[in-house]
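First comes the structure, then the notes that go with it.
The values are calculated or read from the model by the stated rules, or taken from the named source; none is laboratory data. None of the values given here were measured: they were computed from a predicted structure. Cβ: placed from backbone, ideal geometry, glycine included. Neighbour counts: every protein chain shown. All accessible areas refer to the heavy atoms of the entire protein, side chains included, with ligands and DNA or RNA removed. Shrake-Rupley method; radii C 1.70, N 1.55, O 1.52, S 1.80 Å.
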Amino acid sequence: MDPFERETRRIRLAYEEYTRDLTYAGKWSLDNPGNRAIVEERESLLRQMLSEHGFWPLTPFRILDVGCGTGTTLAR
């Protein structure tokens with residue numbers, strides 16, 4: 001197995017474990033006040049940075065989402 005295939009398999013197995021192990025669901029849940037605060041702060045800073053550089057709002061742009069997990073962050 002080449003290194004690319006090995007890494008792809010490792011990542012796939014890690015994500016499968018996340019879905020099987022319910023402790024991960026609570027760990028990353030937005031029901032957790034700490035997680036909610038992190039997300040809100042990240043979104044605020046991201047909007048600020050994008051605005052400062054003329055990229056907010058994003059609606060006129062086409063965006064390629066590569067390696068960003070489920071895409072939830074970008075969608076928000």
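What to note about this one:
- Between 0 and 90°, nearest 10: helix 3-20 axis offset from the chain longest Cα axis: 80 degrees
- A simple rule links phi to the HN-Hα coupling: the Karplus curve 6.51 cos²θ - 1.76 cosθ + 1.60 with θ = phi - 60°, which for the stretch 44-59 gives 5, 5, 5, 4, 4, 4, 4, 4, 4, 10, x, 10, 10, x, 7, 3 Hz, with x for Gly and Pro.
- Exposed loop sites here are chymotrypsin sites (Phe, Trp or Tyr not before Pro) assigned a DSSP state other than H, G, I, E or B and surrounded by at most 14 other beta carbons within 10 Å; excluding them, the longest clear run of the chain is 1-54.
- P(r) weight above 21 Å for the chain, C-alpha pairs, percent: 48 percent
- Accessible area, probe 1.4 Å, largest first, for residues Arg12, Arg42: Arg12, Arg42
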